[in-house]
Amino acid sequence: MINRSRRQLLTGLALLPFAGSVMGSPDEHPAPRHSFAPPDSGREVMRKRFFPNVPLVTHEGTHVRFYDDLLKDKLVVLNLMYADCTTLCPMITANLLAAQKILDRRVRQDVFFYSLTIKPREDTPEKLREYAARHHVRAKWLFLTGQPEDLEELRLRLGYADPNPVKDRKDKALHSGMLRYGNEPLSQWSSIQGSANPEWIAEEITYVVPATGLRHTAGKAPG
Amino acid sequence: MYFNSRGEKVSRARWKEMYNAFQNRQELIKAGLTSRRDLLRMGLLTSTGMLVAKSGLSSWGGGDCRYGSSGCGTCASPVTTPWTLPMPIPPVKQAIPVSSLTGPAPSVNPNTTVNPATGLPYEGRTRANQAPALGFPFPAGVVYQVTQQQAQINVSNDLPLQNLWTFDGSSPGPTYVAHYGTPIMVRNINNLPSNNGGFGLNSVSTHLHNGHTPSESDGFPCDFFAAGQYYDQYYPNALAGFNSTHIATNGDINESLSMLWYHDHRENFTSQNVYKGLLGFYLLFNQYDTGDETTGFRLPSFPNYDIPMAFADRCFDPSTGVMAFDTFNTDGILGDKFMVNGVIQPVLHVSPRRYRFRWLNTGPSRFLQVYVTDLTSPSTPQPFYQVSNDGNLLPLPVQVPAVALGVAERADVVIDFSQYAGKTLYLENRLNQTNGQGGPSGSVVSGGQGFLMLRIVVDGPVVADNSVNPATLPAYYALPSVSGSPSVSRSFNFDQTRDGQWQINGKLFDCNTVRFKIKQNSLEEWTFNGGFGWSHPIHVHLEEFQITQGAPGLYGSSSDDNNDYSRWGNQYCWSGCSGSSTGVNLARKDVVRLIPSGNVKVRMRFRDWLGRYPMHCHNVIHEDHAMMLRFDVATTGDTNSNP
């Protein structure tokens, strides 16, 4: 037994780059439970991890904070776009416009739409305003620009970056077909395909609307 | 003392490095640094464009998730001490008198009366039970009531208690022990809270995975019901063919199922809800697979020597120790903590005799290749017998060096521990999978270098073993015939758009779109084609298929780990598996691993029940995000070959 243990130990030493630390480590105690920070509420979990409170500028020229002014206490839909995008963005914008009309009829609460530019250097508030006007965007929908590093942080935090940095640098829109939607106070969040038909996009968004927030609860049979 | 996820002691410095790696990535994200210029400025990119070999950055590239530092997105779970908690075995669910059910008496039609306490219909079901009209008793003779509720669960002595979502307070939930010929009804009560702790939706649809179940009880993704409602699910436990191809014999004995599981299937939230704990086992016995090793096929007796095991990988927040879900990752999530039956790296004590283990990969996204490892001789293969593939006993046992499991795949194995008396063994996942994107690269690591998931100590008392030695190759069930000309051949392409949307045949899932109609009882042939660079475990509801071409084998190659796969037969191929099925793939299955650019042909008949069912990728992240379709089984069908 002793021999075998010794052999194992030697093998282990050969493999471990920090073998010296193993031997010399003063800390031989398992981490006790009480060393953890107290658990966060669901919305705090989401806020800390995904929703930095960065400053942004709306297409109407208003200065806002991402979490405090746009997400907090709201039902929201988020997507990425840029004004000169000619394929995916106009299609998703059109789908969201139609979905917004359906939601207006179906949901008592306001659902806020936010489109974040991935080209903040080009997309000034004026340019986004022009994009919004061209697409006949109505109320409760903001197009957002700001400091490039803030928009980039949002893109990364909201899961739009590809984990492969080479791929990600080549194309910042690799995951931009996906919309995020959620109920901020209830920390209920998921994603929807932006190419889905508007009726289905609206349907999925109602997943995070409490039954009391729907106008025709009795008529809504799942499936 | 610090451990990595393999249960190996690591230095404090190494663990610090793992933790710093996580922090580094957070800082990068916070700083918005992704451009080449930024990275160069920070000294993180060499002039040749390579990322500096600093572990903190490898999560951006082909990192190694095994060390928790990289390749797992933001996964760097706190240190946990392995092999301290026993492996839980979920309790067997107990029946109750129908009069003891909470709420109104069960009804064939859904109970849509509004419950004044909730303002919602009592029941979430939308369609009548099909079984009573076909002569099944109503209410079923055996009735259960299960409650989906939050409970505090200990997953490790080093982590806080976790607020998980459970069936009856445990995850995995209670095990249903069902028998062919005895229909059961489960009143499934949703008592989940709206306060979700950060992920999960308290609206559910419970799917009985592998069940030959009527549509209204199947757990179709869009049959979800709200907190405060119940859903009566009727499980006929009838052999496929009872109302179609094998009426005279009340079904085809060769369609017997054995190892099923139940899990949440809520459209768009399945991954979150299952991650949070909503799953359990459902075992189905008959006159051959009896659960008693002195009768029938004489497989090791349930429950003492027949043990279900649910594998899962999870992430925990390094500062709070709370289970963390990567909400906005729509590609696939890997964890760095391996759980068996809900506990991180537990211990199981066994007697020196044969056991039947029922293995299940519950995901969310990881592929596994499970070995038995003796760390005192890690490169020595420890073969055992695989007796089932997915829920179904094979025609006969097959000796294997390992079992590959995509998400939702199952395998029953028989391991003879009499040869290991006094030893300590491990179940080890040796499959390389560097991140949640794509899938496994196809290579396996050497014995002892993978993830150790379960410690098995063979120190139990010597006890009688009346089970049959699988080495004698006892016959189980013959494979039902799928020969002949299919009435329709359909082809399905599983891929992702350039902008990140998962699709089947270029289309997205929605609840209301019926992509194709299947004529009941007719033979169908489906071809699954995999896109470039991604693996998908494909699952079909209601019926099982047989793989007639392109069945995937074990990962690895003949040069791996001295294992010399070739001696296990030619069924073990990782790529280019274009031939007909052999070995463990001569089987009935309900999940097939589709490898990148893979091409798999399956055949099946949809029998006995009518209505809506899904087919989907069981990487639950892909499934939630539209890599799913709805088909309906009807008295007339279509011939849409590319639906």
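The values are calculated or read from the model by the stated rules, or taken from the named source; none is laboratory data. Since we're looking at a predicted model, the values are computed, not measured. Positions of Cβ are generated from backbone atoms using ideal geometry, with glycine treated the same way; all protein chains shown enter the neighbour counts.
Name the residue that is modelled with the lowest pLDDT, counting only residues in region B:486-500 that are out of contact with any Phe, Trp or Tyr (no Cβ under 7 Å at 6 or more places or on another chain) and assigned to a strand (DSSP E or B).
Filtering region B:486-500 for residues out of contact with any Phe, Trp or Tyr (no Cβ under 7 Å at 6 or more places or on another chain) gives B:486-489, B:491, B:493, B:495, B:497-500.
With assigned to a strand (DSSP E or B) added as a condition, the list becomes B:488-489, B:491, B:493, B:495.
Details: B:VAL488: 97, B:SER489: 98, B:SER491: 98, B:ASN493: 97, B:ASP495: 94.
The selected residue is B:ASP495.
Out of all the residues in region B:268-306, which are in a loop (DSSP other than H, G, I, E, B) and within 14 Å of another protein chain (Cβ to nearest Cβ)? Even if it seems obvious, please write down each step before you answer.
Keep residues of region B:268-306 that are in a loop (DSSP other than H, G, I, E, B), which gives B:268-269, B:276-278, B:286-305.
Across region B:268-306, the qualifying residues are B:ASN268, B:PHE269, B:LYS276.
Taking strands (runs of 3 or more DSSP E) that do not extend beyond region B:379-461, which have at least 3 residues that are at pLDDT below 95 and either in contact with an Asp or Glu (Cβ under 9 Å, 6 or more places away or on another chain) or not assigned by TED's automatic domain parsing to the domain that holds B:PHE494 (or both)? Before the answer, list the steps.
Numbers: elements: B:384-389, B:392-400, B:403-405, B:410-416, B:424-429, B:451-457.
Hits in region B:379-461: B:392-400.
Residues in region B:335-367 that are within 16 Å of the chain's Cα centre (by Cα) and of a type outside the set (Gly, Ala, Ser): how many? Steps first, answer last, please.
The initial filter retains those residues of region B:335-367 that are within 16 Å of the chain's Cα centre (by Cα), namely B:335, B:338-342, B:357-367.
Of the ones still in play, those that are also of a type outside the set (Gly, Ala, Ser) are B:338-341, B:357-362, B:364, B:366-367.
Residues in region B:335-367 being within 16 Å of the chain's Cα centre (by Cα) and of a type outside the set (Gly, Ala, Ser): 13 in total.
Within region B:109-135, how many residues are within 31 Å of the chain's Cα centre (by Cα) and hydrophobic (A, V, I, L, M, F, W, C)?
Total meeting the criteria: 2.
At least 2 residues that are away from chain B (no Cβ under 12 Å) in each: list the strands (runs of 3 or more DSSP E) lying fully within region A:115-223 that qualify. Quick ask: steps written out before the conclusion?
On the way: elements: A:141-145, A:178-183, A:188-193.
Filter on region A:115-223 gives A:141-145.
Looking at the structure I just gave you, is A:ASP73 more than 22 Å from A:TYR160 (Cα to Cα) and not in a helix (DSSP H, G or I)?
The answer is yes for A:ASP73.
State whether the residues of region B:233-255 include one that is modelled with pLDDT of 95 or more and under 30 Å from B:ASP331 (Cβ atoms).
Among the residues of region B:233-255, not one is modelled with pLDDT of 95 or more and under 30 Å from B:ASP331 (Cβ atoms), which makes the answer no.
Which of the residues spanning region A:46-84 are within 13 Å of chain B (Cβ to nearest Cβ) and over 26 Å from A:GLY177 (Cβ atoms)?
Once the filter is applied, which keeps residues that are within 13 Å of chain B (Cβ to nearest Cβ) and over 26 Å from A:GLY177 (Cβ atoms), region A:46-84 yields A:LYS48, A:ASN53.
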